[in-house]
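In what follows, a structure is listed as structure tokens, so that the remarks can point back to it.
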Amino acid sequence: MQKIENIELQFLTLNDYQELKSAMIEAYSNMPNSYWKESHIKSLIKKFPDGQVVIKVNGELAGCALSIVVDYDQFDDHHTYKEITGNYTFDTHRDKGDVLYGIDVFIKSEYRGLRLGRRLYDYRKELAEKLNLRGIVFGGRIPNYHEFASTLSPKEYIEKVKRKEIHDPVLNFQISNDFHPLKVLKGYLEGDTASNEYAVLLKWDNIYYQKETKKLAEKKTIVRLGLIQWQMRLYKDLEELMQQAEYFIDAVSAYRSDFALFPEFFNAPLMAKHNHISEPEAIRELAKYTPKIVKKFSELAISYNINVITGSMPELRNGLLYNVGYLCKRDGATEPYEKLHVTPDEAKVWGMQGGSELKTFDTDCGKIGILICYDSEFPELSRLLADEGMDILFIPFLTDTQNGYSRVRHCAQARAIENECYVAIAGSVGNLPKVHNMDIQYAQSMVFTPCDFSFPANGIKAEATANTEMILIADVDIDLLRELNQFGSVRNLKDRRKDIFDLRKR
């Protein structure tokens, strides 16, 4: 091969046709009359110029990629090449279509091994992202299949190629470029005897695709979190406690935060006036404040234009005591969440019950999950939320000692890694000497990320100073989670062995 001085990706023009024709004849030597006529190329360039590109080495055509945009719902997954191209007229191209369909791609033999094909595929991916298309689809030939057709079905052949037991240069290359097989297409391309006229329907999903909506507001991709590391102190009444809560909401909203996260049982100081009665009675007195607190938080969420996660509070339902919190959205909606696993202390001292509902919440910043303290130590819960599309997990907590805090902290970080999501934890600090069973608190609020190249190496986005009253502000990029899911060094969600275990809600 001659010395490479220049490699350039260019749009295809009719001036390239004779060189393109010669390259196609060579690339498809086992398929007579397989090259496109000049009228075909002229039609493609006219209909969709951005979809037709060539790669040149030292000014000589080395490869080519041709494509159209189709309204894929007009076809099913059993289509043929002739059907998808409109009997080779490309009249199936739609400027307002939703899928980029690969018509042709090849590299001349003397230029193979230079990863030029990857450049063509990368261009197609960038084009799909630029045009906001759902993804890329095409029928991939399996030119080595004829050698195994007598002993293997197409499905068996594909499985052996995926397991590296058989080398198929075309299919191997496509899989290595993040295309995943959907099904086998029979009779796809007339005259493709090397593939026995079979093809593999391959797809690449555009993780940045945004479905058109009539709503005025789009979901944000950069989300700002405001964590409140709450100081336990005595308050004379509910009004004074909520003044302090409003002070913190004002502070984090001034930084244009999208969420304000309060800790578990942040309202415990109000039990001080009930310290003369038993602990079960005192916390039931505290539960009487919960409806007023939720109402006030909802008003603050609206007036400060911020989604408020209220930590948690005791709540009486049909005579039973639960640990619950509320998501107060800035649009006025209010939704409850429950602590499902109460600690031995909560059950023994207060007679508290575990809740029964686990769900994600739709917000203007995407899907979120909320687990109260001890629930974060049960990995099944967050995995179920991740399966529902959770991007951010919020964990309000209350721990009295450093070892209790360490359990929450390390489990929360594990949840970020295994579920490919962000996790925000917020706790209380200080002492409450006049409240039984709530004497001391230890906390360090943090925001965790997965551990991969797009994130901090230690998986910590931001951290507060331990045992100090303060707020913590951190931005998280939801698009980075989409990239991780598709292209991460490891893919914890995708690589689960669902063939040997299953996890589901009852």
Given (1) surrounded by 17 or more Cβ atoms within 10 Å (Cβ to Cβ); (2) modelled with pLDDT of 90 or more, LYS160 misses just (1)
Looking only at the stretch 23-68, count how many residues are polar (S, T, N, Q), in a strand (DSSP E or B) and out of contact with any strand residue (DSSP E or B) (no Cβ under 6 Å at 6 or more places or on another chain).
0
Can you name the number of the only condition in (1) surrounded by fewer than 17 Cβ atoms within 10 Å (Cβ to Cβ); (2) under 37 Å from the mean Cα position of the chain (by Cα); (3) in contact (Cβ under 8 Å) with a residue 12 or more places away in the chain that LYS130 fails?
(3)
If I ask for residues that are without any contact (Cβ under 8 Å) to a residue 24 or more places away in the chain and either part of a helix (DSSP H, G or I) or outside the structural domain of SER67 (by TED's automatic domain parsing) (or both), which ones from the stretch 133-174 would you list?
GLU147, GLU156, TYR157, GLU159, LYS160, VAL161, LYS162, ASN172
Please go through the stretch 75-102 and pick out each residue that is without any contact (Cβ under 8 Å) to a residue 12 or more places away in the chain and exposed (fewer than 13 other Cβ atoms within 10 Å of the Cβ).
ASP76, ASN87, ASP91
Give me a count of the residues in the stretch 375-419 that are closer than 19 Å to ALA443 by Cβ, part of a helix (DSSP H, G or I) and touching a helix residue (DSSP H, G or I) at 6+ places or on another chain (Cβ under 8 Å).
9
Of the residues that make up the stretch 197-212, is at least one crowded, with 16+ Cβ neighbours inside 10 Å, more than 30 Å from TYR101 (Cβ to Cβ) and within 30 Å of the chain's Cα centre (by Cα)?
no
Taking the stretch 91-132 as the search range and keeping residues that are outside any loop (DSSP other than H, G, I, E, B) and acidic (Asp, Glu), which one is farthest from VAL70 (Cα to Cα)?
GLU110
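Being charged (D, E, K, R) and either assigned by TED's automatic domain parsing to the domain that holds VAL105 or touching a residue at least 40 places away in the same chain (Cβ under 8 Å) (or both), is that true of even one residue in the stretch 180-187?
Here is the first cut: in the stretch 180-187, the ones charged (D, E, K, R) are 183, 186.
Still in the list and also either assigned by TED's automatic domain parsing to the domain that holds VAL105 or touching a residue at least 40 places away in the same chain (Cβ under 8 Å) (or both): 183, 186.
The answer is yes, given that some residue of the stretch 180-187 is charged (D, E, K, R) and either assigned by TED's automatic domain parsing to the domain that holds VAL105 or touching a residue at least 40 places away in the same chain (Cβ under 8 Å) (or both).
The values are calculated or read from the model by the stated rules, or taken from the named source; none is laboratory data. On a predicted model such as this, the values are computed, not experimentally measured, just so you know. Note: ideal-geometry Cβ built from the backbone for every residue, glycine included; neighbour counts use all protein chains shown.
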